[in-house]
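Peer 1: Input: one structure, supplied below.
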């Protein structure tokens, strides 16, 4: 079926054709006129991904002093086979993402069905009528190989195309608010020139209508506070000129909880863009430094996690020291330092590099090798060794597998011909590792496993009864604890039953005495 | 005068001779017997340096449930020409350190003069009578050159000598509590074997009297909370066996404010020793990463300090991001990662290294070069350029010059034949740079200076009136702000008067408009 887009539940949605496009255009005109008549301003959100779809609802949910909605939101999704299904799904009032946050379905029902302030579309006409466009399209970094982040680059082709589409359609006084994490310099050196170029081509006087480009980055966290992490959190913003700064402040103040979480205005968009990637680099570096201490701790009979807790007693200065683990995953920490380094060299042509940042990415990307090393200390030859990997998402109690370190672990194990089985109750399909079946039932992976790797700290894994695991397993498997997920009591149970327990950073394992 | 020790105020104190040693021994016997009769336990503090002299007073100040002193303290200082003067000075009730903390003179008066629970001595007999010895002697790392921390090492000769002295004198059941920051492995692999060896030589049965060696590190901060940073702060400890752990807990609970700042007990002394050096490495790495962002910010018109403030809005996770500056100084952050790396390789013989940690030290040690680069962008030829360096201590509002980055700055400037003048109201003599005169009067350094470097953020520098500086100077000097010490208003005043202002990380300088 070449002309359909399949939703995750396999429902097929027919891609737009000429007829439906004509109808959609008419519908957009009607809805926009209706909303204008209600005094609402029109916002388009470009990209209905992980951030865009929630941000769209937050904007659509915003009310003024009179309690009435301020904005109507056209959520825009390109009609690709991969993503078009989001449009019809959203328009039935359902979120296109699954989440443990109960507010997600609520806010979709409220904005789409009840307030009727949010509607999804694939038609670019949405940009023509918008007073504000919020940009939430993807922008990725490409790393040629793990451990070579210094060669990483950012392919901005798709992003530039998106900006050009906007520039061809928007009103001259429309504000473009870039929310995507972008390489520093993007708003000023990429977005603004594209808009200027297209405005000129459209005969728009850019001295009268200088491009209004602003930047404000989100700090979204998957999980139970998904909506709150977008709406009720500190925001940083800036604009390429005074007017865009003013408009961005007004807009963000209208839609976000800025009373509790005041806005920070920076001097220019370079600064705001830098803040985002520096912020994530800070975390990436703090994780990277823990790995070498984990190895040191293993070698000298120390549990690096108790050491970490001791250090974290210093509230306010040391209490955010991060922890070693299987590795670092997710969308941000793995790529943002690369975006920054690329921007330095390619956007600005500076003959320098962010060496600490890039080194951190390389350490973090190759961290799963250390867990392999721990396994190989017991099984020098991994061929046909049955390994159960518990957890393939990149974060606890969430099904997000983007850049999951478990993928690296599984790949490395398979390269050595180990017999790997994976389990994750939150992950039914693993898009990055389509060749791997992820089981939802522990009884499919535990029995007979010679090595059981606790790779992710899902709550269910932490509370697993060791005796039950061993009963199911039927042997004395090697237990690998990747980030202090197992309590001393649990470890003792495994040891008493004759299993060996090893762990990242766990040089001190409680004795049986 | 070969047989005297000169105090900082130039008072000469005659070094001990045979006669005074006999007298001192008798006095120690008398005092100890008197204090035993009062039911007090005897503590010896080995080393009356920056930590030891204050720790001694804190122990001597401790009282039991009955409000009476628990311990009598013999503060021990070796009778060297450099340090012997501390003994007579302390015994007149005066601190051997100058400090902005008003509690310092108070606690000396209280413990030496009023409670009479603290007395300084140079005689090793103090160790013979002690129930507890607290070790506060120095242990330094040596780096062959800046930027080569990977070749750094720790000369433990002096420390081992100190431990051997203790082992030759202490009672078999005396607890040795090491408070010095030591390479991981020191208590277990250096101190314990020395004590065992000497005990055996003394005919002590080490199965009956295993060495009681414990470790607990301080987290002292110079400045206004000097005493509180030792007494009212979180402590970590461990011991080489259960008895030493128990004794250490009892002792620390008696002398420190553990109700408000609970103790953390770790599994072994390797862990406790690691916690200290990892804790400081964490800070060193967090500073190191800021330098490359400072340079990036300078290149793209961004003020990295406003970016940092924006990031620090994320309370609890990002609010301790440190700041770039002239460089990193002080006793701890510059050496502790080196101690750890050396211990890994030399104490434990591990074929690995703490690469992130060592890289951070190298970046931090060479950071002053960046300030030189900023100056040279304006003065490519530094020969005979008159440079005023404001601030030579390593920290604000304190006169501590240990490993001050200003020393590196001054050295680099002098290497290029600049005419450097230094000012610091807190520093009269600069022990690490004896050839440099440090002025206490700005009128001696500002007039005629072509470059004025705000190197340290002393409050008086921050509040300097730019018009007064320029009037005193008589020209239009280049102003260098090493760590965001100057406000936007101050910078504008300099700019208005025709001076240029540059700064580490300050790519965005407020405009005059």
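Peer 1: Only one of these conditions is not met by residue A:357: (1) surrounded by fewer than 16 Cβ atoms within 10 Å (Cβ to Cβ); (2) touching a residue at least 24 places away in the same chain (Cβ under 8 Å); (3) farther than 30 Å from residue A:98 by Cα. Which number is it?
Peer 2: Unmet condition: (1).
Peer 1: Can you pull out every residue in the stretch B:272-287 that is facing another protein chain (nearest Cβ under 8 Å) and in contact with a strand residue (DSSP E or B) (Cβ under 6 Å, 6 or more places away or on another chain)?
Peer 2: Correct list: B:272, B:275.
Peer 1: Evaluate the stretch A:132-144: report whether one residue or more is closer than 19 Å to residue A:211 by Cα, assigned by TED's automatic domain parsing to the domain that holds residue A:244 and surrounded by fewer than 19 Cβ atoms within 10 Å (Cβ to Cβ).
Peer 2: So far as the stretch A:132-144 goes, no, none of its residues is closer than 19 Å to residue A:211 by Cα, assigned by TED's automatic domain parsing to the domain that holds residue A:244 and surrounded by fewer than 19 Cβ atoms within 10 Å (Cβ to Cβ).
Peer 1: At least 1 residues that are within 14 Å of chain A (Cβ to nearest Cβ) and at pLDDT 95 or above in each: list the helices (runs of 4 or more DSSP H) lying fully within the stretch B:350-421 that qualify. Quick ask: steps written out before the conclusion?
Peer 2: Details: elements: B:355-366, B:368-378, B:405-415.
Qualifying helices (runs of 4 or more DSSP H): B:355-366, B:368-378.
Peer 1: Among the residues of the stretch A:323-344, is any more than 24 Å from the chain's Cα centre (by Cα) and at pLDDT 95 or above?
Peer 2: First, pick out the residues of the stretch A:323-344 that are more than 24 Å from the chain's Cα centre (by Cα): none.
Checked against the condition, which is being more than 24 Å from the chain's Cα centre (by Cα) and at pLDDT 95 or above, the stretch A:323-344 yields no hits at all.
Peer 1: Could you tell me whether residue A:48 is in contact (Cβ under 8 Å) with a residue 60 or more places away in the chain and assigned to a loop (DSSP other than H, G, I, E, B)? Explain how you work it out, then say what you get.
Peer 2: Numbers: in contact (Cβ under 8 Å) with a residue 60 or more places away in the chain: yes; assigned to a loop (DSSP other than H, G, I, E, B): yes.
Yes; evaluated as a whole, the condition is true for this residue.
Residue-wise test of (1) assigned to a loop (DSSP other than H, G, I, E, B); (2) out of contact with any strand residue (DSSP E or B) (no Cβ under 9 Å at 6 or more places or on another chain); (3) within 14 Å of another protein chain (Cβ to nearest Cβ).
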residue: A:470; (1), (2), (3): no, yes, no
residue: A:475; (1), (2), (3): yes, yes, no
residue: A:502; (1), (2), (3): no, no, no
residue: A:511; (1), (2), (3): yes, yes, yes
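Residues are listed down the side, and each one gets a yes or a no for (1) in contact (Cβ under 8 Å) with a residue 60 or more places away in the chain; (2) surrounded by fewer than 20 Cβ atoms within 10 Å (Cβ to Cβ); (3) assigned by TED's automatic domain parsing to the domain that holds residue A:476:
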{"site": "A:379", "(1), (2), (3)": "yes, yes, yes"}
{"site": "A:383", "(1), (2), (3)": "no, yes, yes"}
{"site": "A:390", "(1), (2), (3)": "yes, no, yes"}
{"site": "A:398", "(1), (2), (3)": "yes, no, yes"}
{"site": "A:402", "(1), (2), (3)": "yes, yes, yes"}
{"site": "A:409", "(1), (2), (3)": "yes, no, yes"}
{"site": "A:415", "(1), (2), (3)": "no, yes, yes"}
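Peer 1: What's the number of the condition residue B:257 fails, among (1) within 12 Å of another protein chain (Cβ to nearest Cβ); (2) surrounded by fewer than 24 Cβ atoms within 10 Å (Cβ to Cβ); (3) not in a helix (DSSP H, G or I)?
Peer 2: (1)
Peer 1: Turning to a different aspect of this structure: Among the residues of the stretch A:63-78, count how many are assigned to a loop (DSSP other than H, G, I, E, B), more than 20 Å from the chain's Cα centre (by Cα) and buried (at least 20 other Cβ atoms within 10 Å of the Cβ).
Peer 2: Residues meeting the conditions: 1.
Peer 1: Find all pairs meeting these conditions: Cβ atoms under 7 angstrom apart; at least six residues apart or on different chains; first residue within the stretch A:288-314 and facing chain B (nearest Cβ under 7 Å) and assigned to a loop (DSSP other than H, G, I, E, B); second residue buried (at least 24 other Cβ atoms within 10 Å of the Cβ) and at pLDDT below 95.
Peer 2: Filtered contacts from the stretch A:288-314: no entries.
Peer 1: Looking at residue A:427, is it within 30 Å of residue A:332 (Cα to Cα) and assigned to a strand (DSSP E or B)?
Peer 2: Working: within 30 Å of residue A:332 (Cα to Cα): yes; assigned to a strand (DSSP E or B): no.
So residue A:427 fails the test.
Peer 1: A further question follows. Could you say which residue among A:210, A:193 is over 19 Å from residue A:252 (Cα atoms), in a helix (DSSP H, G or I), free of Cβ contacts under 8 Å to residues at least 60 places away in the same chain and in the same structural domain as residue A:244 (by TED's automatic domain parsing)? Give the derivation first.
Peer 2: Working: A:210 fails: in a helix (DSSP H, G or I).
Of A:210, A:193, the one residue that is over 19 Å from residue A:252 (Cα atoms), in a helix (DSSP H, G or I), free of Cβ contacts under 8 Å to residues at least 60 places away in the same chain and in the same structural domain as residue A:244 (by TED's automatic domain parsing) is A:193.
Peer 1: Considering every residue within the stretch B:324-344, establish whether at least one is more than 27 Å from residue A:280 (Cβ to Cβ), facing chain A (nearest Cβ under 7 Å) and not in a loop (DSSP other than H, G, I, E, B).
Peer 2: yes
Every residue, every condition in (1) in a helix (DSSP H, G or I); (2) in contact with a helix residue (DSSP H, G or I) (Cβ under 8 Å, 6 or more places away or on another chain); (3) in contact (Cβ under 8 Å) with a residue 40 or more places away in the chain, yes or no:
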{"position": "B:120", "(1), (2), (3)": "no, yes, yes"}
{"position": "B:128", "(1), (2), (3)": "yes, yes, yes"}
{"position": "B:134", "(1), (2), (3)": "no, yes, yes"}
{"position": "B:137", "(1), (2), (3)": "no, yes, yes"}
{"position": "B:162", "(1), (2), (3)": "yes, no, yes"}
{"position": "B:184", "(1), (2), (3)": "no, yes, yes"}
{"position": "B:200", "(1), (2), (3)": "yes, no, no"}
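Peer 1: Can you pull out the residues in the stretch A:80-101 that are in a loop (DSSP other than H, G, I, E, B) and either buried (at least 19 other Cβ atoms within 10 Å of the Cβ) or within 19 Å of the chain's Cα centre (by Cα) (or both)? Break it down into steps so the answer makes sense when it comes.
Peer 2: Of all residues in the stretch A:80-101, those in a loop (DSSP other than H, G, I, E, B) come to A:80-85, A:91-101.
Across the stretch A:80-101, the qualifying residues are A:82, A:83, A:84, A:85, A:95, A:96, A:97, A:98, A:99, A:100, A:101.
Peer 1: Can residue B:239 be described as at positive phi and modelled with pLDDT of 95 or more?
Peer 2: On the way: at positive phi: no; modelled with pLDDT of 95 or more: yes.
So residue B:239 fails the test.
Peer 1: To continue, here is another question. Any residue at all in the stretch A:171-180 that's within 14 Å of chain B (Cβ to nearest Cβ), within 26 Å of residue A:335 (Cα to Cα) and touching a residue at least 24 places away in the same chain (Cβ under 8 Å)? Steps first, answer last, please.
Peer 2: Quick first cut of the stretch A:171-180, residues within 14 Å of chain B (Cβ to nearest Cβ) only: none.
No, because not a single residue in the stretch A:171-180 is within 14 Å of chain B (Cβ to nearest Cβ), within 26 Å of residue A:335 (Cα to Cα) and touching a residue at least 24 places away in the same chain (Cβ under 8 Å).
Peer 1: What about residue B:277, is it closer than 15 Å to residue B:504 by Cβ and outside the structural domain of residue B:404 (by TED's automatic domain parsing)? Quick ask: steps written out before the conclusion?
Peer 2: Details: closer than 15 Å to residue B:504 by Cβ: no; outside the structural domain of residue B:404 (by TED's automatic domain parsing): yes.
Answer is no for this residue.
Peer 1: Whether any residue in the stretch A:260-271 is at pLDDT 95 or above, buried (at least 22 other Cβ atoms within 10 Å of the Cβ), facing chain B (nearest Cβ under 7 Å) and assigned to a helix (DSSP H, G or I) is what I want to check. First the steps, then the outcome.
Peer 2: Restricting attention to the stretch A:260-271, the residues satisfying the condition of being at pLDDT 95 or above are A:260-271.
Retained after the next criterion (residues that are buried (at least 22 other Cβ atoms within 10 Å of the Cβ)): A:266, A:268-271.
Next, only the ones that are facing chain B (nearest Cβ under 7 Å) stay: A:266, A:268, A:270-271.
So of that shortlist, the ones also assigned to a helix (DSSP H, G or I) come out as A:270-271.
Yes.
Peer 1: With respect to residue B:488, is the statement that it is touching a strand residue (DSSP E or B) at 6+ places or on another chain (Cβ under 6 Å), more than 20 Å from residue B:384 (Cα to Cα) and assigned by TED's automatic domain parsing to the domain that holds residue B:400 true? Please lay out each step first, then the result.
Peer 2: Numbers: touching a strand residue (DSSP E or B) at 6+ places or on another chain (Cβ under 6 Å): no; more than 20 Å from residue B:384 (Cα to Cα): yes; assigned by TED's automatic domain parsing to the domain that holds residue B:400: yes.
When the stated conditions are applied, residue B:488 does not pass them.
Peer 1: Considering only the stretch A:12-35, I want to know if a residue exists there that is in a loop (DSSP other than H, G, I, E, B), closer than 23 Å to residue A:105 by Cβ and touching a helix residue (DSSP H, G or I) at 6+ places or on another chain (Cβ under 7 Å). Steps first, answer last, please.
Peer 2: Of the residues in the stretch A:12-35, the ones in a loop (DSSP other than H, G, I, E, B) are A:15-17.
From the residues that got through so far, the ones that are closer than 23 Å to residue A:105 by Cβ too are none.
There is no residue in the stretch A:12-35 that is in a loop (DSSP other than H, G, I, E, B), closer than 23 Å to residue A:105 by Cβ and touching a helix residue (DSSP H, G or I) at 6+ places or on another chain (Cβ under 7 Å).
Peer 1: While we're on this one: Given the conditions (1) buried (at least 24 other Cβ atoms within 10 Å of the Cβ); (2) away from chain A (no Cβ under 13 Å); (3) free of Cβ contacts under 8 Å to residues at least 60 places away in the same chain; (4) assigned to a helix (DSSP H, G or I), and given that residue B:245 satisfies all but one, which numbered condition is not satisfied?
Peer 2: Every condition holds for residue B:245 apart from (1).
Peer 1: Hey, does the stretch B:441-454 have a residue that's within 26 Å of the chain's Cα centre (by Cα) and either under 25 Å from residue B:49 (Cβ atoms) or part of a loop (DSSP other than H, G, I, E, B) (or both)? Break it down stepwise before answering.
Peer 2: In the first step, residues of the stretch B:441-454 are kept if they are within 26 Å of the chain's Cα centre (by Cα); the result is B:453-454.
From what's left, either under 25 Å from residue B:49 (Cβ atoms) or part of a loop (DSSP other than H, G, I, E, B) (or both): none.
No, every residue in the stretch B:441-454 fails to be within 26 Å of the chain's Cα centre (by Cα) and either under 25 Å from residue B:49 (Cβ atoms) or part of a loop (DSSP other than H, G, I, E, B) (or both).
Peer 1: Please verify whether residue A:250 is within 9 Å of another protein chain (Cβ to nearest Cβ) and either outside any helix (DSSP H, G or I) or surrounded by fewer than 24 Cβ atoms within 10 Å (Cβ to Cβ) (or both), treating the condition exactly as stated. Before the answer, list the steps.
Peer 2: Values: within 9 Å of another protein chain (Cβ to nearest Cβ): no; either outside any helix (DSSP H, G or I) or surrounded by fewer than 24 Cβ atoms within 10 Å (Cβ to Cβ) (or both): yes.
The answer is no for residue A:250.
The values are calculated or read from the model by the stated rules, or taken from the named source; none is laboratory data. Since the model is a prediction, treat every value here as computed from it, not as a measurement. Using ideal geometry, Cβ is built from the backbone for each residue, glycine included, and neighbour counts are taken over all protein chains shown.
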